[in-house]
1. Inside the range 59-98, can you point out the residues that are within 21 Å of ASP36 (Cα to Cα) and either out of contact with any strand residue (DSSP E or B) (no Cβ under 7 Å at 6 or more places or on another chain) or polar (S, T, N, Q) (or both)?
2. Closer than 19 Å to ASN301 by Cα, in contact (Cβ under 8 Å) with a residue 24 or more places away in the chain and part of a helix (DSSP H, G or I), is that true of ALA53?
3. Which condition number in (1) in a helix (DSSP H, G or I); (2) modelled with pLDDT under 95 is the one that VAL35 fails?
4. Count, please, the residues in the range 239-297 that happen to be among the small types (Gly, Ala, Ser) and closer than 13 Å to LEU210 by Cα.
5. Looking at GLU15, GLU41, GLU85, GLU8, which is the one that is open to solvent by 10 Å² or more (accessible area, probe 1.4 Å) and closer than 18 Å to THR167 by Cα?
6. Please count how many residues of the range 1-13 are within 17 Å of the chain's Cα centre (by Cα) and in a helix (DSSP H, G or I).
7. What helices (runs of 4 or more DSSP H), lying completely within the range 58-136, carry at least 3 residues that are aliphatic (A, V, I, L, M) and touching a Gly at 6+ places or on another chain (Cβ under 8 Å)?
Amino acid sequence: MPLVTSTEMFKKAYEDHYAVGAFNVNNMEIIQGIVDAAKQEQSPLILQVSAGARKYAKHVYLMKLVEAAVADTGLPICLHLDHGEDFEICKACVDGGFTSVMIDGSKHPFEENIAITKKVVEYAHSKGVVVEAELGKLAGVEDAVKVNTKDATYTDPDQAVEFVERTGVDSLAIAIGTSHGAYKFKGKPELDFARLEKITNLLPGFPLVLHGASTVIPAFVDECNKYGGKLDGAQGVPEDMLLKAGKYGVCKINIDTDLRLAMTASVRKYLSEHPADFDPRTYLKSARQAIQDMVAHKIKNVLNSSNRL
């Protein structure tokens, strides 16, 4: 089975009120853990690559690993570029075999964001590739994306309608209170469901996306801290809020930080308990299983996407 776009995934997700998980990948063990969980749960799946991951692992290696995952599992997998900062990187990923790309023009003024998004849409659609864009700014840090809390802005519902109509984009990442990274919220994390509901009502049937949606699972934070981490006070979006978002037109939920925490916690624990072991296959096997368990948990309890193939 070849790689697929997210079009049919999102159509089904919207109609049945669940979300598809978009998991960031950097190496073989992360990909294996994610796809094994999706196979186990019979869940649709998006694997996404950031510019930083693409630079770290190289485009060709990631492509071959994802192709191997498709051959190994038979899953319909969408391969997505996360936070493409300009037309050039989006074009390179379209030309290089990705089936979905994100152009993130959220740092630009509204009209400039529209212009760059429309350019990417026109090129990608000519090649059969779908496009995600972003309107509004999420606080936090993810690879090269860094936004201070004071600069974060929620998505304006009326602007969202105009943006979608003028760009022809296939899905839209919105800002309603999520954040990138192991973010330290001041007080209890909250999502603006009234804003989300208004956007959904103004764009009926249109797939929305939540970035910065890791829940920063406390067990992984505690494990990291126990073995030398410094993540005191880290917290993410509560799982029940993300599950609720899937009922309001959110068809794609991005997960990256929880993958990093699961892998790091596992490796730190293993090496602490086995200080004489220097075989990467042993501690990375443990990390791969930690990722599989965490992704399976997300699919069942956060995305509600089990048995949706």
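1. TYR61, MET63, LYS64, LEU65, GLU67, ALA68, ALA71, ASP72, THR73, GLY74, PRO76
2. no
3. For VAL35, the exception is condition (2).
4. 3
5. GLU85
6. Summing the residues that are within 17 Å of the chain's Cα centre (by Cα) and in a helix (DSSP H, G or I) in the range 1-13 gives 4.
7. Correct list: 110-126.
Listed here are the residues, each with its yes/no results for (1) at pLDDT below 55; (2) surrounded by fewer than 20 Cβ atoms within 10 Å (Cβ to Cβ).
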{"residue": "GLY140", "(1), (2)": "yes, no"}
{"residue": "VAL147", "(1), (2)": "yes, no"}
{"residue": "ASP151", "(1), (2)": "yes, yes"}
{"residue": "ARG166", "(1), (2)": "no, yes"}
{"residue": "GLY181", "(1), (2)": "yes, no"}
{"residue": "LEU196", "(1), (2)": "no, no"}
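The values are calculated or read from the model by the stated rules, or taken from the named source; none is laboratory data. Here the structure is a predicted model, which is why all the values come from computation and not from measurement. Note that each Cβ is placed from the backbone with ideal geometry, even for glycine, and that neighbours are counted across all protein chains shown. Accessible surface is based on the protein model in full, side chains and every heavy atom, while ligands, DNA and RNA are left aside. Shrake-Rupley method; radii C 1.70, N 1.55, O 1.52, S 1.80 Å.
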